[in-house]
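Undergrad: Here you go, one structure.
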Amino acid sequence: MGVDPLAPLPGRPSLGPLKTDLSPALRATLLRWVETQLLPTQAGDRVLAVATALDIPLLDAFADEDVIGSLEYFWRESDGQLLDVVHATLHVLANSGIVFRPPQPYEEVEKHLALGRSVWQATATGLVRRVEAATQAALEWTTMTADAASAELKEAWEKATSREGDPSDAWDHAIKAVEAVLIPIVVPTQVGPHLGHVLGQLDRHGQLWEPGLRYNQTKPPDSSPRSPVEALVGVLRLIYPNPDRHVGPGHRTPTAAEARVVVQLAMTVVQWAREGLIVKR
């Protein structure tokens, strides 16, 4: 779990949104942490591992000080590159086999990132996008069941929030999570099924399906038997297809923000299906 960002004092203005950049104080703090982890003479293997992870060019024949110099030049160039070094260092430390005394390295970093209201949160294996506690709790609740949908959602979330994430891949895994729960319900006998088949069935034969939810409006227009299914279809159309899937006029690479929203929509649909609400009339 991450540390909650600092809240304003009672009666004081809001501290504003989370920050994508680093304040001078936070940058200095992270620099000090990086130097503590990478500059000691016994940290040579660790330094080389971080340089390798970040693909920092090195000469064929190099001394330890050459690696340190190249890495130090890299992390001082920009906030983004400093964060890349922090991310890679956390990952290397997590796989080093070293048993650290509390606090763990990532806990030290997370304390300062949270105080600095950074959009990035430190975990044992690297930096991820900071999200509200309720969103994180919803993910954990939805993925408690050990099945294919949970595995796909976890992978989708990692790809959508990790510093080295892949929004398009996150979107693909979100689709697979929804397919895992809806295909057995909606098109169980379909050969080579995918979410497009589910959409087609619900769109063309919506009157045959009960989504378990009703529009709560009390005034006309009244909901037809089909209308609530159209709401489910609308959600699925936001999820499917991935705009990065096919080459053509509509092809584009999704943004990280879009991917995060799509993964959360997929979480909703997965829970919707698991509650047993989506059934044939």
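The values are calculated or read from the model by the stated rules, or taken from the named source; none is laboratory data. This structure is a prediction, so every number in the text was calculated from the model and none was measured. Because the Cβ atoms are built from the backbone with ideal geometry, glycine has one as well, and the counts that use them run over all protein chains shown.
Undergrad: Would you confirm whether or not segment 237-250 contains a residue that is in a helix (DSSP H, G or I) and within 21 Å of Pro188 (Cα to Cα)?
TA: yes
Undergrad: Looking for whichever is loosely packed, with under 13 Cβ neighbours inside 10 Å and either touching a Pro at 6+ places or on another chain (Cβ under 6 Å) or at pLDDT below 85 (or both) here; the options are Asp45, Asp60, Asp64. Which one fits?
TA: It is Asp60.
Undergrad: Checking Val198 against (1) surrounded by fewer than 18 Cβ atoms within 10 Å (Cβ to Cβ); (2) over 30 Å from Leu83 (Cβ atoms), which single condition isn't satisfied?
TA: (1)
Undergrad: Out of segment 109-164, which residues are in contact with an Asp or Glu (Cβ under 6 Å, 6 or more places away or on another chain) and either assigned to a helix (DSSP H, G or I) or farther than 25 Å from Val92 by Cβ (or both)?
TA: The answer is Lys159, and nothing else.
Undergrad: If you check Val187, Val269, Val247, which single one turns out to be free of Cβ contacts under 8 Å to residues at least 40 places away in the same chain, of a type in the set (Val, Ile, Thr), surrounded by 14 or more Cβ atoms within 10 Å (Cβ to Cβ) and not assigned by TED's automatic domain parsing to the domain that holds Gly80?
TA: Going through Val187, Val269, Val247 in turn, the sole match is Val187.
Here's the yes/no breakdown for (1) closer than 24 Å to Val131 by Cα; (2) at pLDDT 95 or above; (3) in contact with a Gly (Cβ under 9 Å, 6 or more places away or on another chain); (4) not acidic (Asp, Glu):
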| residue | (1), (2), (3), (4) |
| --- | --- |
| Gly80 | yes, yes, no, yes |
| His91 | yes, yes, yes, yes |
| Ile98 | no, no, no, yes |
| Pro102 | no, no, no, yes |
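Undergrad: Now, a different point. From the set of residues in segment 187-235 that are of a type in the set (Lys, Arg) and modelled with pLDDT under 90, which is nearest to the chain's Cα centre (by Cα)?
TA: If we take residues in segment 187-235 being of a type in the set (Lys, Arg) and modelled with pLDDT under 90, then Arg214 is nearest to the chain's Cα centre (by Cα).
Undergrad: Output the number of residues of segment 20-42 satisfying the condition of being in a helix (DSSP H, G or I), charged (D, E, K, R) and closer than 17 Å to Ala114 by Cα.
TA: 2
Undergrad: (1) touching an Asp or Glu at 6+ places or on another chain (Cβ under 8 Å); (2) assigned to a loop (DSSP other than H, G, I, E, B): which one isn't true of Leu213, the others all being true?
TA: Result: Leu213 fails condition (1) only.
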